[in-house]
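The values are calculated or read from the model by the stated rules, or taken from the named source; none is laboratory data. As the structure is a prediction and not an experimental result, all values here were calculated from the model. Note that we place each Cβ from the backbone using ideal geometry, even for glycine, and neighbour counts take in every protein chain shown.
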Amino acid sequence: MSVTSQHIRAKPLWNQKKLMPWLFLMPGILFFGIYVVFPIFQSFNISFYKWSGLGEPKYIGLKNYVKLFSDRAFEISLWNNLKWLVLYLLAIPTGLAIALFLNQTVTGIRLYKSLFFFPFVISQVVVGLVFTWFYDPTFGLLNTILTSLGFAPVNVLGDPTLVTYGIILAGLWPQTAYCMILYLTGLNTVDADQVEAARLDGAKGLRMLWYIILPQLRPATFIAFVVTVIGALRSFDLVSIMTNGGPFGTSRVLSFYMFEKALSEYGFRMGYGAAIAVVLFAIMMVFIVYFLRTMYKQESEPR
């Protein structure tokens, strides 16, 4: 057989290897384009209009964005999102600490793992209801404990200064469980030879953790950081379930305020809601681009 005939027969196989992955990806790409990418561009377009969702939209340019700067409710929502972003990151070190504990061989460790894993498998609706009952000023467990210790009862969800922190604490419960699972998976891939060599060199405790364990957990930390930040920025479920934005709108976040303006009973300001969505999307894009650049640099580093 000649070299030319071998090349002709090999070419269709080479084409199949290049084409088949795209054929498998095509349905996912199609759905992603229709249900994610297209609505994003549509939101950008609607944000330049005044529109109630019915009738003909009226083009108003950047007026929706200009109004955001003088909107007190938007300012409160943005500030609350910042609180979520900062405090939600506590899930990462807490999840790591729990994972390190659960990675030990102690009696009843399977029961402990089940208890810590439980918050991850329940829905945000259940989490919201559980913590609403927990904070209840009349029969909630929190105030039962406080009164038994001689303290006055606290209405967490009715206090404008405490409500956001109470909701964040509720969100940290399942988020910590998720970070714990990531770190438990990462601990299973830690190189035992490196750990043993470090022990022979006298490393233990915090030094072992900082110089040997944590560098090998960098992929798990990266994923935990990405998921936690995105979860903090799109925090809608718990706010809606536990307070519906109250009291007096002090627990609003951007995603909930967008819903209020665009789709709630007192809203139907589609253009203004779309402008809020664009601002939230821009904030998310800052972090997503940073994460992607960091991941690309890590992947391109010589091993």
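Observations, loosely collected:
- Test: residue in segment 186-199 that is under 30 Å from Thr132 (Cβ atoms) and surrounded by 17 or more Cβ atoms within 10 Å (Cβ to Cβ): no
Every residue, every condition in (1) under 26 Å from Ile168 (Cα atoms); (2) over 18 Å from the mean Cα position of the chain (by Cα); (3) in the same structural domain as Tyr59 (by TED's automatic domain parsing), yes or no:
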{"site": "Phe236", "(1), (2), (3)": "yes, no, yes"}
{"site": "Met242", "(1), (2), (3)": "yes, yes, yes"}
{"site": "Phe256", "(1), (2), (3)": "yes, no, yes"}
{"site": "Lys261", "(1), (2), (3)": "yes, yes, yes"}
{"site": "Leu280", "(1), (2), (3)": "yes, no, yes"}
{"site": "Phe291", "(1), (2), (3)": "yes, no, yes"}
{"site": "Tyr296", "(1), (2), (3)": "no, yes, yes"}
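- Boolean, Asn143 is buried (at least 20 other Cβ atoms within 10 Å of the Cβ), at pLDDT 90 or above, more than 19 Å from the chain's Cα centre (by Cα) and of a type outside the set (Val, Ile, Thr): yes
- Condition met for Leu169 (at pLDDT 90 or above and under 18 Å from the mean Cα position of the chain (by Cα)): yes
- When Phe116, Phe101 are screened for being in contact with a helix residue (DSSP H, G or I) (Cβ under 6 Å, 6 or more places away or on another chain), modelled with pLDDT under 95, in the same structural domain as Ser235 (by TED's automatic domain parsing) and not in a loop (DSSP other than H, G, I, E, B), only Phe116 passes.
- Flag: Ala170 matches the condition of being in contact (Cβ under 8 Å) with a residue 24 or more places away in the chain, among the small types (Gly, Ala, Ser) and in contact with a Leu (Cβ under 6 Å, 6 or more places away or on another chain).
- Of the residues making up segment 21-58, those that are closer than 17 Å to Phe268 by Cβ, of a type outside the set (D, E, K, R) and outside any helix (DSSP H, G or I) are Ser47, Tyr49, Trp51, Ser52, Gly53, Leu54, Gly55, Pro57.
- Test: residue in segment 42-58 that is under 25 Å from Gly231 (Cα atoms) and touching a Phe, Trp or Tyr at 6+ places or on another chain (Cβ under 8 Å): yes
- Restricting Val86, Val106 to residues that are part of a loop (DSSP other than H, G, I, E, B), out of contact with any Pro (no Cβ under 9 Å at 6 or more places or on another chain) and either assigned by TED's automatic domain parsing to the domain that holds Val163 or modelled with pLDDT of 90 or more (or both) narrows the list to Val106.
- Comparison of Thr161, Thr176, Thr147 shows that the only residue that is out of contact with any strand residue (DSSP E or B) (no Cβ under 7 Å at 6 or more places or on another chain) and assigned to a loop (DSSP other than H, G, I, E, B) is Thr161.
- Taking the criterion of being under 18 Å from Gly231 (Cβ atoms) and among the hydrophobic types (A, V, I, L, M, F, W, C), the residues of segment 245-278 that qualify are Val253, Leu254, Phe256, Met258, Phe259, Ala277.
- In segment 69-122, the residue that is nearest to Phe248 (Cα to Cα) out of those that are surrounded by fewer than 18 Cβ atoms within 10 Å (Cβ to Cβ) and among the β-branched types (Val, Ile, Thr) is Val86.
- Yes/no for Ala277 being under 30 Å from Lys50 (Cβ atoms) and aliphatic (A, V, I, L, M): yes
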